[in-house]
Amino acid sequence: MATHSVHENRGWHPMSMVAFTMLLVGACFSALWVITLADLPDNKPMNIAYGIIALGLLLSTAVIFGWLTRHLHHSPLLPDHTEAEEKRYLEKVRGSA
């Protein structure tokens with residue numbers, strides 16, 4: 001039995017999903033930071049911790065998305081919208097060119 005290995009370029013990189021998750025978690029921590037600033041102004045260590053975590057996650061996300069954009073030469077979350085990609089889609093999914 002022959003093994004068949006095909007490299008499929010899906011148009012997105014797995015690291016983009018990690019960065020997107022970091023973006024969502026960073027947004028949650030930034031919301032917690034704003035809430036603790038308003039409700040607990042005397043609890044400075046918690047305010048500082050939430051702010052540093054939110055800033056770190058959001059900056060890390062920006063660095064990853066920037067690197068992926070340069071590396072992939074297109075958006076890291078959206079596939080290419082080129083003529084070659086459309087032709088590949090028509091051949092693979094619809095069975096026609």
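The values are calculated or read from the model by the stated rules, or taken from the named source; none is laboratory data. Given the structure is predicted, the values throughout are model-derived calculations rather than measurements. Positions of Cβ are backbone-derived with ideal geometry, glycine not excepted, and every protein chain shown enters the neighbour counts.
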Six or more apart or on different chains, Cβ under 8 Å: which pairs go from a residue in the range 27-43 that's modelled with pLDDT under 95 and surrounded by 14 or more Cβ atoms within 10 Å (Cβ to Cβ) to one that's assigned to a helix (DSSP H, G or I) and aromatic (Phe, Trp, Tyr)? Could you list them? LEU32/TYR50; TRP33/TYR50; THR36/TYR50
Give the residues of the range 1-26 that are surrounded by fewer than 14 Cβ atoms within 10 Å (Cβ to Cβ), at pLDDT below 75 and of a type outside the set (Asp, Glu), sorted by residue number. MET1, ALA2, THR3, HIS4, SER5, VAL6, HIS7, ASN9, ARG10
Hits in the range 60-73 (condition: modelled with pLDDT under 90 and surrounded by 15 or more Cβ atoms within 10 Å (Cβ to Cβ)): PHE65, LEU68, LEU72
Where residues in the range 44-54 are of a type in the set (A, V, I, L, M, F, W, C) and either touching a helix residue (DSSP H, G or I) at 6+ places or on another chain (Cβ under 8 Å) or at pLDDT below 90 (or both), which of them is surrounded by the most Cβ atoms within 10 Å (Cβ to Cβ)? ALA54
